[in-house]
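Report on the structure given below.
Every number here is computed from the coordinates shown, using simple stated rules; none is lab data. Note that the structure is predicted; figures quoted are calculated from it, not measured. Here the Cβ is made from the backbone with ideal geometry for all residues, glycine too, and neighbour counts use every protein chain on show.
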């Protein structure tokens, strides 16, 4: 089933290792970092809005 | 009547917000599963390509990223059209939620394309119709994000951004058909509805990776849409209820 004979064959990618892993590496990085950034933004927005809402309700009381 | 009512209900942020929150983990799980299956088939099982050797394996991310970069733009243009025609609140939020992911997909398409072009064509970049129109797509995404970010009033930002999206949509068929219309260095399409030039394992590996990218895009866009919703609807009761401490 598995096409490769050894792990080093797999890493070498028939001499195209730099190009193949350069593509997959950057893609993996992007798809790992983007959700983290989005989740952080959401957290920051939530706490900022919470503070705003609390401040507004205090000023109207 | 009842169905109609439900459809409108989902278009309201107050309903959409908790629903999207429940859906996101499932889309993440689907993305991971499709990705593992696709990588297994593409990177471990699929045979080598008789022309391009192992370098062809870049296809398993290059094609999904390129497809998504075009699909996401079409979906954004669809939301823009809905927003401009019916003045719905949700459409502008959806378009804005999708834009950064679309830009990243366009970037990944160009990046993996450059890393594929270097060993196969001997150059990272050529001003060929396919490559140039994809670069324009990246600029359209960046232009849309810059334009909507520069306008303070969100409804006006949606309108201006929507117009840009609708004008720019002409670029998508140009990208797609560029390899047919012009004599390009870029190879023709690998997948056809009638016949495909790829081995079966390669084709399935690529389709699984495309599904992985799709699910990823939906998950991230929904996450971003929820943040935009809270921000824009901050004066409404449902956001206040949502943000209130559950202890009280």
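Most exposed first by the Cβ proxy, i.e. fewest other Cβ within 10 Å, how do B:216, B:204, A:3 rank?
Going from least to most buried by this count: A:3, B:204, B:216.
Given the convex hull over the Cα atoms of chain B, what projected area results after averaging over all orientations, in nm²?
Details: hull surface 67.2 nm².
Average of the hull's projected areas for chain B equals 16.8 nm².
Cα-based Rg of region B:133-202 per 2.2 N^0.38 Å, rounded to two decimals?
On the way: Rg = 17.2 Å, N = 70, 2.2 N^0.38 = 11.1 Å.
Compactness ratio reported: 1.56.
Taking the simple approach of a point 7 Å from Cα along Cα-to-Cβ for both residue B:81 and residue B:49, what is their distance in nm?
A separation of 3.3 nm, rounded to one decimal place.
Please work out whether region B:59-115 counts as rounded, prolate or oblate from its C-alpha gyration tensor, where a ≥ b ≥ c are the square roots of the eigenvalues and a/c under 1.5 means rounded, while otherwise a/b larger than b/c means prolate and anything else oblate?
Here region B:59-115 falls in the prolate category.
Apply the a/c threshold of 1.5 to the C-alpha gyration tensor of region B:1-146 and tell me whether it is rounded, prolate or oblate.
oblate
Using Cβ contacts closer than 10 Å as the measure, can you line up A:2, B:75 from fewest to most? Let's see the in-between values first.
On the way: A:2 9, B:75 18.
Final ranking by Cβ density, sparse to dense: A:2, B:75.
Given the rule -39500 (n - 2.57) for each run of at least 4 DSSP H residues, summed and divided by the residues of chain B, what is its mean residue ellipticity at 222 nm, to the nearest 500 deg cm²/dmol? Please report the intermediate quantities before stating the final value.
On the way: 9 runs with 185 residues, N = 248.
Result for chain B, helices only: -26000 deg cm²/dmol.
Simple spin-label model, 7 Å along Cα-to-Cβ: residue B:180 to residue A:7 in nm?
4.7 nm
Taking square-rooted eigenvalues a ≥ b ≥ c of the alpha carbon gyration tensor, is region A:1-49 rounded, prolate or oblate, where a/c under 1.5 means rounded and, failing that, a/b exceeding b/c means prolate?
Judged from the Cα gyration tensor, region A:1-49 comes out prolate (a/c at least 1.5, a/b above b/c).
Mind pulling the angle between the C-alpha long axis of helix A:17-60 and the longest principal axis of chain A? Nearest 10 degrees, somewhere in 0 to 90.
The helix A:17-60 is inclined about 10 degrees to chain A.
If you fit an axis through the alpha-carbon atoms of helix B:13-39 and take the longest principal axis of the Cα set of chain B, what angle between them do you get, 0 to 90°, nearest 10?
That works out to roughly 20 degrees.
Based on the inverse mean of 1/r over its pairs of different Cα atoms, what is the Kirkwood hydrodynamic radius of region B:86-159, in Å?
13.9 Å
How high is the FRET efficiency from residue B:36 to residue A:60, r the C-beta distance, R0 45 Å, rounded to 0.05? Walk me through the numbers on the way to the answer.
Working: r = 52 Å, r/R0 = 1.16.
Taking R0 as 45 Å, the efficiency between residue B:36 and residue A:60 is 0.30.
At q = 0.13 Å⁻¹, what log₁₀ I(q)/I(0) does the protein assembly as shown have when each alpha carbon counts as one equal point scatterer in the Debye sum?
Relative scattering, expressed as log10 I(q)/I(0), comes to -0.99.
Set the Förster radius R0 to 22 Å, insert the Cβ-Cβ distance between residue B:145 and residue B:29 as r into 1/(1 + (r/R0)^6), and round the FRET efficiency to 0.05. Walk me through the numbers on the way to the answer.
Values: r = 29 Å, r/R0 = 1.30.
So the FRET efficiency works out to roughly 0.15.
Compute the helix-to-body angle for B:129-150: its Cα long axis versus the longest principal axis of chain B, expressed 0 to 90° and rounded to tens.
20 degrees
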